[in-house]
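Trainee: Dropping a structure here in structure tokens format, bear with me for questions.
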Amino acid sequence: MEEIMFTARNISAAMLLGLLTACSSAEQPVSPESATASGSNICINTSLIANQTIVSDEEIRFEMRNGDVWANKLPRKCPGLKFQGSFAWDVSGGTVCSNLQTIHVLNHGPSCQIGAFTKLPPAPAPASAS
């Protein structure tokens, strides 16, 4: 497995470091979409992450290249996650699946399990000025 670091500034560089590795054989994605459901888990394809935002010590949002936004609600607070603004995780197979990966807060130390992924509704289109 490979440890990948994510910060608001280096998400593209992190993807180039080798995010192409799977949750498990049971969680292999079956399509090239940004996310797939396998059983009760949702997996996102890490090579399709365009940006990530740490909303709080309990939530991370992943914006995909196709415009989808997936929120991950951690099962419990991950101290220092929002303050540090960055994390690393071990990825294998190119996907990250609900409730299966652990993130590590950089420059702080705690390890925290990710929770369930939820697809957020598209943002409303801006009103046109007439």
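Trainee: Only one of these is crowded, with 21+ Cβ neighbours inside 10 Å and closer than 14 Å to Phe117 by Cα: Asn99, Asn72. Name it.
Mentor: Unique residue meeting the criteria: Asn72.
Trainee: May I pose another question? Gly93 - would you say it is surrounded by 18 or more Cβ atoms within 10 Å (Cβ to Cβ) and assigned to a loop (DSSP other than H, G, I, E, B)?
Mentor: Against the criterion (surrounded by 18 or more Cβ atoms within 10 Å (Cβ to Cβ) and assigned to a loop (DSSP other than H, G, I, E, B)), Gly93 qualifies.
Trainee: From Gly109, Gly115, Gly67, which residue is small (Gly, Ala, Ser), over 11 Å from the mean Cα position of the chain (by Cα) and modelled with pLDDT of 90 or more?
Mentor: From the options Gly109, Gly115, Gly67, the qualifying one is Gly67.
Trainee: Quick check on Ala37: is it over 11 Å from the mean Cα position of the chain (by Cα), aliphatic (A, V, I, L, M), at pLDDT below 65 and in a strand (DSSP E or B)?
Mentor: yes
Trainee: More than 14 Å from Thr46 (Cβ to Cβ), among the polar types (S, T, N, Q) and touching a Ser or Thr at 6+ places or on another chain (Cβ under 7 Å): does that describe Ser92?
Mentor: no
Trainee: Hey, another quick one. Note down all Cβ pairs under 6 Å where the first residue falls in region 97-117 and is among the aromatic types (Phe, Trp, Tyr), the second is not in a loop (DSSP other than H, G, I, E, B), and they're at least six residues apart or on different chains.
Mentor: These pairs meet every condition: Phe117/Ile42; Phe117/Trp70; Phe117/Asn72.
The values are calculated or read from the model by the stated rules, or taken from the named source; none is laboratory data. Here the structure is a predicted model, which is why all the values come from computation and not from measurement. Neighbour counts run over all protein chains shown; Cβ positions are idealised from the backbone, glycine included.
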